Amino acid sequence: MPLIHYIKNSLKWKSVIIFLLLVTIPSGIIGSIVLYQSNKILKEQIITTTHQNLGNMESQLTNVIEEIEDISRYMIYSHEFRDFMTSPAMSGADYNHLNQVRSNLSGFFVFHQSEKDYFHSVQIEGENKQVLNVGETVEGNEKQWIESAKELEGEMLWSTPYQMYNQRTGQDEEVVSLFRVINNLYNITEPIGHVRIRLDLQALYQQVTDGFTTNQHQAFLVHNEEETITLSNSGPNFSYQAFIRNIHSEGESFQLEENGDVYYGVSRYIEPIDMHLVSVVSETYILSEMKDIRSTFGYMILIAVLMGLMTFAGFVVFVVRPILELTRETKRLEHGDFKAQVQVRSNDEVGQLGYRFNSMVEQIQRLIDTKYKLEIQNKHSELKALQSQINPHFLYNTLDMLRWTARLENAPDTSKSIEDLSTLFRINLSQGKVWIPLEDELKYVKSYMELQKRRLGDSFHYAIFIEAGLAKSIVLKLMLEPLVENSFKHGFRQSQQNKKIMIRCYLKENDMVIDCLDNGIGIDLEKVQQLFDATEEHDSYALKNVQDRITNAFGKSYGIEIVETETGACVRIKVPWIKDKQILNQLIEGEDR
């Protein structure tokens, strides 16, 4: 808690906290969020690219499979293939026909072999014992595939990868083949031969993956039954179990490790050939792609923090330090040391504040040394002179003597006038008080109107109404008399015979309202508003002084309001209801003002 209290009262530590909260921490958080999001987006983009590449490779492989299957379908409908597998070889004409057909069929397959690098070889055997071999000359055991194809009675059968010996190259080559029994077009249960179309597996892999693999993106053919993998000559070597385990447990998208490196993989199952086509990308490659982004954002965060430090240093030097110096010198001035001075280093607002402080100190010192002391002496002299000229007790006693003399001389009207005048003087002086009870203020106004009635006779009448319980309420002295005086001075015509003034005092919610109404010529609202807006008081309606005193005491929510009436004028005063002196002390003179 002491630390919090110290920070709360220290501008320097507040600046540090603000710098941390508004610069350093947000920069770090925003940078981390942006870096995380950018890494996430880049990773998703790379994996999306891997999915797209895999989709293209899948499309390539599917097209190859469909094309080979279309060739086998073509054999069923082609009369040349049917003739080759069914025509007897009994005479020379038969041999010539078969040789012509053989030549045409060889051309057909040679065309496909020249167009497709993966097209390895074809072997066709007819029920007429005719055999056609096109492509590479190979040897190997294909008996199991042939038997399985016969059991399918015409349905296509794709083999798993197996080895065939190439007599031309003298090497074993891995192939995958389509085996199919060719049935009679007009009797689908009658076999007329069978065909095997062999595809070079490595060439097929190159055909499918060409243009879609790089050193970072690798592709694999995972063979389910043989539990082998076909891959490129470069790139990581994964075990069959690693692929199958992740494919079966995680589905098409998975993650695997090899030699301490993490790889992200996606797979597609190619049902006709019972293989999984897999594409993988290494996490190292993803991180290397993110390296530049991380570096860029790191530099940006560092620059932001450095700029924030420079801004903070400038703020401390040019703003905080002058304010701290001003606070220190202000404390010196508070303890009566008028030698307090602030060093002015600039001409900006902070510098102007220091300059004004120095001027203020000099002015205060000059006033104390000369003008203030001289004025105190002058006021003291004036006060002595006034005390010697007018003694309130002497004045009251003299007026009281004159009143009793008038009564002894049987002049009651004169006595009443002197009594009213005495009341006016008593309340007007009232020992310098600012606040008086409402009943005294009304008594003062009543005395004033009684004097006016002596002067005007029966041409003037007045009435005062006060709500019960308001007599002891506290109000500003001489708040109501200027309004009544205005009626005589500006409201009534000289020739008007029936002059009336009515005063009403009542409560409205928590406020006290005093209305002063007359039946004179009325009041100019625009002129009164101009009077209130003026900076100096004019010899006019005498309302501005009352308005300023009320607003200074209670705020702009209170004051004088001109109420529109059909005849005459109505001036309304609204002030808080100060019930007694205790409330007055709390509201006006206490510490909570």
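What the table shows:
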{"read-out": "Ellipsoid semi-axes in whole angstrom, largest first, where each is sqrt(5λ) of the Cα gyration tensor of segment 436-593", "value": "27, 19, 13"}
{"read-out": "Residue-span extension gain [ALA534 to SER114] - 0.36 nm each, minus C-alpha spacing", "value": "140.4 nm"}
{"read-out": "Too-long pairs where the Cα-Cα distance tops 31 Å, listed order kept, from LYS527/LYS581; LYS433/LYS453; LYS433/LYS489", "value": "LYS527/LYS581"}
{"read-out": "FRET efficiency estimate (nearest 0.05) - Cβ-Cβ, ASN237 to ILE188, R0 41 angstrom", "value": "0.30"}
{"read-out": "Estimated distance in nm for a label pair at GLU250 and LYS581, the labels positioned 7 Å out from Cα along Cα-to-Cβ", "value": "9.1 nm"}
{"read-out": "In nm, spacing of pseudo-spin labels at ILE33 and LEU152 (7 Å Cα→C-beta vector)", "value": "5.8 nm"}
{"read-out": "Spread of Cα-to-Cα distances over 5 Å intervals beginning at zero, given as percent, for segment 477-535", "value": "4, 15, 20, 22, 20, 14, 4, 1, 0"}
{"read-out": "Local net charge near LEU517, Cβ-Cβ under 14 Å (Lys/Arg +1, Asp/Glu -1)", "value": "-1"}
{"read-out": "Modelled FRET efficiency - R0 60 Å, GLU283 with HIS490, Cβ distances, 0.05 increments", "value": "0.05"}
{"read-out": "Rounded percent of accessible protein surface that carbon and sulfur make up, segment 146-277, 1.4 Å probe", "value": "41 percent"}
{"read-out": "Segment LYS508-THR137, length gained on full extension (0.36 nm per residue, minus Cα span)", "value": "121.6 nm"}
{"read-out": "Loop-located trypsin sites (Lys or Arg not before Pro) in segment 429-524 whose Cβ has at most 14 other Cβ within 10 Å (DSSP)", "value": "LYS433, LYS472, ARG493"}
{"read-out": "Pair GLU362, ILE323: separation of 7 Å Cα→Cβ label points (nm)", "value": "2.6 nm"}
{"read-out": "Of LYS331/LYS556; LYS477/LYS574; LYS443/LYS499, pairs whose Cα-Cα distance is over 25 Å", "value": "LYS331/LYS556"}
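The values are calculated or read from the model by the stated rules, or taken from the named source; none is laboratory data. Bear in mind that the values here come from a model prediction, so they are computed numbers and not experimental data. We place every Cβ from the backbone using ideal geometry, glycine too, and count neighbours over all the protein chains shown. When the accessible area is computed, the model is the full protein with side chains, heavy atoms only, and any ligands, DNA or RNA have been set aside. Shrake-Rupley method; radii C 1.70, N 1.55, O 1.52, S 1.80 Å.
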